[in-house]
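First up is the structure itself, then whatever we jot down about it.
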């Protein structure tokens, strides 16, 4: 069935069809950037919500005051996770909060008096000038509420997130109680086996072939980097468990170091990723 092409050493004939080979660096006559989005990977990796209106973003002091005056307000006040906190803060924890009425009606949202009044005063005037009809008509809601993402992570204890643009494009576990913004990509699973694959050199080679770039940073996109990526098919239970355990060990080490040093994931990788004697380097080698 297979015949090598003497004229084109990087190609062979399969059932009469000329097929190209991809070498270890993912460079060939095939353009990897044209890899198709795989159905098996759809609805698993999401871009976060899009607010449109800086009035949605509030500080912790305001959150505490509003909850003190009415405990019900805590239902719609959430830590707001963006690329900067994922990269720079220990464990990626956000420092900003967001008012999230999700897809509540105007009548439902108005029951949260203090946050609703704040949005009416600080967001509505801006949204009334927006070209998008949805932005004008539903001014109390975030512009893109991401119902599919919310549904996918609703019953998970955690999920995995990566900044849209960063130096390292390293996934970390995050709380599903945080609301991820549009500068992040969220993978809807709590399985550390999947995290292990995403942190592996295999995925990083694929990502680097698919990524777009901004200066010296990587732009991780859900449709080109994640949805095109061919995850291992039918791996043995032993391999899955080994990868999962190694990913958990890596997560625990990184968490301890970030908390102990007060570093974010970017600084940790800047310091240790290329140091062969470091535990970070060794755990990644083991994972690979």
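The values are calculated or read from the model by the stated rules, or taken from the named source; none is laboratory data. Source: prediction; values computed, not measured. Please note: Cβ atoms are built from the backbone with ideal geometry, for glycine as well, and neighbour counts cover all protein chains shown.
Among residues of segment 231-247 that are more than 18 Å from residue 187 (Cβ to Cβ), those with a beta-carbon under 9 Å from a residue that is assigned to a loop (DSSP other than H, G, I, E, B) at least six positions away or on a different chain give the pairs 239/232. Residue-level check: of (1) buried (at least 19 other Cβ atoms within 10 Å of the Cβ); (2) touching a residue at least 40 places away in the same chain (Cβ under 8 Å); (3) in contact with a strand residue (DSSP E or B) (Cβ under 6 Å, 6 or more places away or on another chain), residue 77 misses just (2). Among the residues examined, residue 60 does not qualify as surrounded by fewer than 17 Cβ atoms within 10 Å (Cβ to Cβ), in the same structural domain as residue 173 (by TED's automatic domain parsing), modelled with pLDDT of 95 or more and more than 23 Å from residue 161 (Cα to Cα). It is to be established whether one or more residues within segment 251-269 are under 20 Å from the mean Cα position of the chain (by Cα) and loosely packed, with under 14 Cβ neighbours inside 10 Å. Yes, segment 251-269 contains at least one residue that is under 20 Å from the mean Cα position of the chain (by Cα) and loosely packed, with under 14 Cβ neighbours inside 10 Å.
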